[in-house]
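Student: Structure provided below as structure tokens; questions to follow.
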């Protein structure tokens, strides 16, 4: 190749590369800093406060910002504690924005080994918790609610505790199943949350199979499972029939994807390829503060959603 041909070819290649770069930059953000790439492939669900530097403190304004950025879901662990009037306003706003409500927490115990014991008092307490959860779910159009069963009891054989937990979850399912509410059990890692009875996906799978209800399934929080057992994609495949919901955070740090060791692009591609149409909760913090940090979160999801 002579020098003239080489220079011509190089100029064309350089122009093409520049055009590709400019297109990629435009896809990530418009002139006012907002995303211009449309809706995400998966239903990633931010939580209130994640984009407050862009959208302000008002939850309805935050919802609007999320929708404009391409997010099609929301999760709010503390929804049950919100005023019913605000719950209704959130639901109406999400309906207008065509957004899906993700999980809220209906039961989470951190201190007492309650659900691993069987008694009339425990069953009555759980029934009331589930009735309250059903009412909130109806108000906010929610299909899923998180359950953290709580600590294990070191004075009781493990198999008895598992059997008692299964029976208590059957009691919960009797309330939730007619209402179409799915309780999702969340295994938590023992480093951040020592002493809890539920820690692994295979364990949660065994419990869900024993309960045998469409209203008791698994919440697979990939941050926790990377710490507890790793092997994320094989465990997803093994437990697939019982997984109803995903949450995530990168590890270490529990921040947005691309800040740690998990290849979330591959994980998202995998669950999308398996036909997952549910919600993927963004239960993590922002690695950087302010608007810059919020934009980094959005760009990280654009990067990992590009499969």
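Each value in this text was obtained by applying a stated rule to the coordinates, not by laboratory testing. Please read these numbers as outputs of a predicted model, since none were measured by experiment. Ideal geometry is used to build each Cβ from the backbone, glycine not excepted, and the neighbour counts take in all protein chains shown.
Student: Between residue 83 and residue 261, what length comes free when the chain is fully extended (0.36 nm per residue of separation minus the Cα-Cα distance, one decimal in nm)? Display every interim value, and only then the final one.
Tutor: Working: separation 178, 0.36 × 178 = 64.08 nm, distance 3.89 nm.
That works out to 60.2 nm of additional length.
Student: Within 10 Å, count the other beta carbons around each residue, average over each peptide in 249-255, 184-190, 51-57, and list them highest first.
Tutor: 184-190, 249-255, 51-57
Student: Angle check, please: helix 59-68 long axis (alpha carbons) against the longest principal axis of the chain (alpha carbons), in degrees 0 to 90, nearest 10.
Tutor: The angle comes out at about 50 degrees.
Student: Helix-derived [θ] at 222 nm for the chain: sum -39500 (n - 2.57) over DSSP H runs of at least 4, divide by residue count, nearest 500?
Tutor: Details: 11 runs with 143 residues, N = 307.
After summing the helix terms and dividing by the residues of the chain, the value is -15000 deg cm²/dmol.
Student: If you rank 213, 81 by fewest surrounding Cβ atoms within 10 Å, what's the result? List each step's numbers first, then the result.
Tutor: On the way: 213 17, 81 11.
Exposure proxy ranking, most exposed first: 81, 213.
Student: For 61, 76, 241, which order do you get if you count the other beta carbons within 10 Å of each Cβ and list the fewest first? Intermediate results must be reported in sequence, preceding the final value.
Tutor: Numbers: 61 15, 76 24, 241 11.
Ascending Cβ contact count within 10 Å gives the list 241, 61, 76.
Student: Go through 258-265, 233-240, 281-288 and give me the packing order, highest mean Cβ count within 10 Å leading.
Tutor: Sorting 258-265, 233-240, 281-288 by mean packing, highest first, produces 281-288, 258-265, 233-240.
Student: How many nm separate the modelled label positions at residue 111 and residue 157, each set 7 Å beyond the Cα in the direction of the Cβ?
Tutor: Distance between label points: 3.1 nm.
Student: Sorting check: for 92-98, 136-142, which peptide has the highest mean count of neighbouring beta carbons within 10 Å, and how do the rest follow?
Tutor: Numbers: 92-98: 14.3, 136-142: 19.3.
Going by the mean number of other Cβ atoms within 10 Å, highest first, we get 136-142, 92-98.
Student: Please label the shape of the stretch 144-242 as rounded, prolate or oblate, based on the square roots a ≥ b ≥ c of the eigenvalues of the alpha-carbon gyration tensor (a/c under 1.5 means rounded; beyond that, a/b larger than b/c means prolate, else oblate). Could the numbers behind the result be given before it?
Tutor: Working: a/c = 1.77, a/b = 1.15, b/c = 1.53.
Oblate.
Student: Using the 10 angstrom Cβ neighbour count as an exposure proxy, how do 123, 111 rank, fewest first?
Tutor: Working: 123 15, 111 8.
Result, fewest neighbours first: 111, 123.
Student: Contact order normalised by length for the chain, with contacts defined as Cα pairs under 8 Å and 6 or more residues apart; what percent is it?
Tutor: Numbers: 521 pairs, mean separation 49.1, N = 307.
Averaging sequence separation for qualifying contacts and normalising by length gives 16 percent for the chain.
Student: Now for a separate question. Between helix 290-304 and the chain, what is the angle of the helix's C-alpha long axis to the longest principal axis, kept within 0 to 90° and rounded to the nearest 10?
Tutor: So the helix axis and the longest Cα principal axis differ by about 90 degrees.
Student: Can you grab the distance from the C-alpha centre of the stretch 44-103 to the C-alpha centre of the stretch 246-307, Å, no decimals?
Tutor: 18
Student: For the chain, what proportion of DSSP beta bridges, expressed in % and rounded to the nearest 5, is antiparallel?
Tutor: On the way: 1 of 24 bridges.
For the chain, the DSSP antiparallel bridge percentage is about 5.
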